[in-house]
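First the structure, in the form of structure tokens, and then the observations on it.
The values are calculated or read from the model by the stated rules, or taken from the named source; none is laboratory data. No experiment lies behind these values; they were computed from the predicted model shown. FYI the Cβ positions are ideal-geometry reconstructions off the backbone, even for glycines, and counts take in every protein chain you see. The area values use the complete protein model at the heavy-atom level, side chains included, leaving out ligands, DNA and RNA. Shrake-Rupley method; radii C 1.70, N 1.55, O 1.52, S 1.80 Å.
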Protein chains: 2
Amino acid sequence: MIVLGIDPGTATTGYGVVAREGGGAVSLVECGVVRTDATSPLALRLRTIFEGVVEVLERTHPDVVAVESAFYAKNARTALVLGHARGAILLAATLRDLPVAEYAPAEVKSAVAGTGRATKEQVQFMVQRLLRLKEPPRPSDAADGVAIALTHCFASSLPTIASLALRPPRPSVERLAR
Amino acid sequence: MIVLGIDPGTATTGYGVVAREGGGAVSLVECGVVRTDATSPLALRLRTIFEGVVEVLERTHPDVVAVESAFYAKNARTALVLGHARGAILLAATLRDLPVAEYAPAEVKSAVAGTGRATKEQVQFMVQRLLRLKEPPRPSDAADGVAIALTHCFASSLPTIASLALRPPRPSVERLAR
């Protein structure tokens, strides 16, 4: 199973593509960010996000797209703008008939780092560990995307520590879309 | 100039297509609503909105898309969901390289009914008058879409009362997309 995890943002959308094998072992396929030009009109920024996600979908052929849910936005203005970015991402997935799973930030922290109150650094450290990377994915938005993909991998079946330990370390394949 | 005006909503997106001739006379091409199934996941509802707008774009070939801006949402949750719908609409326009204009609700009321504090009924009455319709467009979401299209028509050049009066009345061509 290939999972594309996405952390939506109008300025920077982070993503991570994770493969889960039958035994539960997980490995990183690629991760990166889609950045938009802050001086562009919102409609054009949404197009950049949409086309960036489509590019990743076409390259990595995920079976499912996992997106961070976002009902925690502090104010209506922030939530509205974030909603546009999420809309572009959900559309990219659904226009290709891909199922979409949503996870709250606390669910992601809990699945990857064992507690819903984990810090950003703890999550990044665990992403690195779980995927046997030499360092956490950069930038941090990409790591967030990877954490969301991992959350979906773990949601159906938790890989055993043994299956993780048996796999040899492999380098991260990082890629920046656009 | 053909203008597609859109009043975004997750449940019901209203639209109106208005033609403005050289002399400033305006006429209704069509109007209607795109409804989504409240029991469907958000991603599928966005797809319905996107594909509904694309259908109208392909049928009516507007030169510009005017969308109601929405920084007035009462709470973050409402704003987030509305943002998704607006994102789908802006994408439908920008993926076809169409310019997008945004108008605040008060601007629409002011352009169509002369005051930013006009009631919904006053706006509907003026939409009917300005377009010489036998009755206001129904449902009211469609009338809102028409009002936004009219606002864009009037934004560049206000038609004279003479040019409006010289045109014979014509029936509304209503159409429900989906």
Quiz item: For A:Leu80, which of the numbered conditions (1) touching a helix residue (DSSP H, G or I) at 6+ places or on another chain (Cβ under 7 Å); (2) open to solvent by less than 10 Å² (accessible area, probe 1.4 Å); (3) outside any helix (DSSP H, G or I) fails to hold?
Solution: (3)
Quiz item: Which of the residues that make up region A:58-77 are open to solvent by 60 Å² or more (accessible area, probe 1.4 Å) and at the interface with chain B (Cβ under 9 Å from one of its Cβ atoms)?
Solution: A:Phe71, A:Tyr72, A:Lys74, A:Asn75, A:Arg77
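Can you find even one residue in region B:108-130 that is over 13 Å from the mean Cα position of the chain (by Cα) and closer than 15 Å to B:Val3 by Cβ?
yes
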Practice problem: Test each condition in (1) more than 14 Å from chain A (Cβ to nearest Cβ); (2) outside any helix (DSSP H, G or I); (3) buried (at least 16 other Cβ atoms within 10 Å of the Cβ); (4) of a type in the set (Gly, Ala, Ser) for B:Ser110 and report the one that comes out false. | Solution: (2)
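Please go through region A:12-24 and give me each residue that is open to solvent by 10 Å² or more (accessible area, probe 1.4 Å) and either among the hydrophobic types (A, V, I, L, M, F, W, C) or closer than 20 Å to B:Gly83 by Cβ (or both), ordered by number.
If the condition is that a residue be open to solvent by 10 Å² or more (accessible area, probe 1.4 Å) and either among the hydrophobic types (A, V, I, L, M, F, W, C) or closer than 20 Å to B:Gly83 by Cβ (or both), then A:Thr12, A:Ala19 are the ones that fit.
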Quiz item: Which number in (1) charged (D, E, K, R); (2) open to solvent by 30 Å² or more (accessible area, probe 1.4 Å); (3) assigned to a helix (DSSP H, G or I) marks the one condition that A:Asp37 misses?
Solution: (3)
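Is there a residue being free of Cβ contacts under 8 Å to residues at least 12 places away in the same chain and either within 17 Å of A:Val34 (Cβ to Cβ) or open to solvent by less than 30 Å² (accessible area, probe 1.4 Å) (or both) anywhere in region A:130-147? Before you say what the answer is, go through the steps one by one.
Of all residues in region A:130-147, those free of Cβ contacts under 8 Å to residues at least 12 places away in the same chain come to none.
Within region A:130-147, none of the residues are free of Cβ contacts under 8 Å to residues at least 12 places away in the same chain and either within 17 Å of A:Val34 (Cβ to Cβ) or open to solvent by less than 30 Å² (accessible area, probe 1.4 Å) (or both).
Looking at region B:86-101 only, could you name the residues that are at the interface with chain A (Cβ under 7 Å from one of its Cβ atoms) and either open to solvent by less than 10 Å² (accessible area, probe 1.4 Å) or at pLDDT below 90 (or both)? Give the steps one after another, and end with the answer.
Our first condition is that a residue be at the interface with chain A (Cβ under 7 Å from one of its Cβ atoms); within region B:86-101, this holds for B:86-88, B:90-91, B:93-95, B:100.
If the condition is that a residue be at the interface with chain A (Cβ under 7 Å from one of its Cβ atoms) and either open to solvent by less than 10 Å² (accessible area, probe 1.4 Å) or at pLDDT below 90 (or both), then B:Arg86, B:Gly87, B:Ala88, B:Leu90, B:Leu91, B:Ala93, B:Thr94 are the ones that fit.
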Quiz item: Just one of the numbered conditions (1) away from chain A (no Cβ under 14 Å); (2) among the small types (Gly, Ala, Ser); (3) in contact (Cβ under 8 Å) with a residue 12 or more places away in the chain is not true of B:Ala118; which one?
Solution: (3)
Quiz item: Going by the structure shown, is A:Glu55 open to solvent by 20 Å² or more (accessible area, probe 1.4 Å), more than 9 Å from chain B (Cβ to nearest Cβ), at negative phi and not hydroxyl-bearing (Ser, Thr, Tyr)?
Solution: yes
